[in-house]
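Here is the structure we will look at, set down as structure tokens.
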Amino acid sequence: MTEFKVGDFLVTKRQFESNELFKVDRVGRTGGIYDDKWRLLHDEKFELATSEEVEAGRRLP
């Protein structure tokens, strides 16, 4: 099961090259997490965004 819940903001872990901010829209019955654009997010590739990243709207260096 995933550690993330609906409403959480996520960023990719450092080894991935994305500065995008993702918002968890739903958690499926099998634990899959989906963002507000209906993309399946593989939870092992993400971490919770900091409050500074949420305010900036992107992952910060």
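The values are calculated or read from the model by the stated rules, or taken from the named source; none is laboratory data. This is a predicted model, so every value here is computed, not measured. Glycine gets a Cβ as well: all are built from the backbone with ideal geometry, and neighbour counts include every protein chain shown. In case anyone asks, the SASA skips ligands and DNA or RNA and just uses the protein heavy atoms, side chains included. Shrake-Rupley method; radii C 1.70, N 1.55, O 1.52, S 1.80 Å.
Looking only at the stretch 39-49, filter to residues that are of a type outside the set (Lys, Arg) and in contact with a Lys or Arg (Cβ under 9 Å, 6 or more places away or on another chain); which one of those is surrounded by the most Cβ atoms within 10 Å (Cβ to Cβ)? Only one residue tops the list, namely Phe46. The residues of the stretch 47-57 that are touching a residue at least 40 places away in the same chain (Cβ under 8 Å) and not in a loop (DSSP other than H, G, I, E, B), listed by number, are Leu48, Glu53, Val54.
Limited to the stretch 37-46, what total is found for residues that are assigned to a strand (DSSP E or B) and farther than 10 Å from Phe4 by Cβ?
Kept after step one, since they are assigned to a strand (DSSP E or B), are these residues of the stretch 37-46: 40-41, 46.
Those left that are additionally farther than 10 Å from Phe4 by Cβ: 40.
Number satisfying all stated conditions: 1.
Looking only at residues in the stretch 4-25 that are touching a helix residue (DSSP H, G or I) at 6+ places or on another chain (Cβ under 7 Å) and either open to solvent by 30 Å² or more (accessible area, probe 1.4 Å) or outside any strand (DSSP E or B) (or both), which one is farthest from Arg58 (Cα to Cα)? Full working, then the answer.
Keep residues of the stretch 4-25 that are touching a helix residue (DSSP H, G or I) at 6+ places or on another chain (Cβ under 7 Å), which gives 4, 9, 11-13, 16, 21.
Of the ones still in play, those that are also either open to solvent by 30 Å² or more (accessible area, probe 1.4 Å) or outside any strand (DSSP E or B) (or both) are 4, 9, 13, 16, 21.
Details: Phe4: 18, Phe9: 10, Lys13: 12, Phe16: 14, Leu21: 5 Å.
Once the filter is applied, the top-ranked residue is Phe4.
Of the residues making up the stretch 26-36, those that are surrounded by 10 or more Cβ atoms within 10 Å (Cβ to Cβ) and farther than 11 Å from Lys5 by Cβ number 6. Any residue in the stretch 2-11 that is on the phi > 0 side of the Ramachandran plot and not hydrophobic (A, V, I, L, M, F, W, C)? Yes, some residue in the stretch 2-11 is on the phi > 0 side of the Ramachandran plot and not hydrophobic (A, V, I, L, M, F, W, C). Within the set Ala56, Ala49, the sole residue that is modelled with pLDDT of 95 or more and within 9 Å of the chain's Cα centre (by Cα) turns out to be Ala49.
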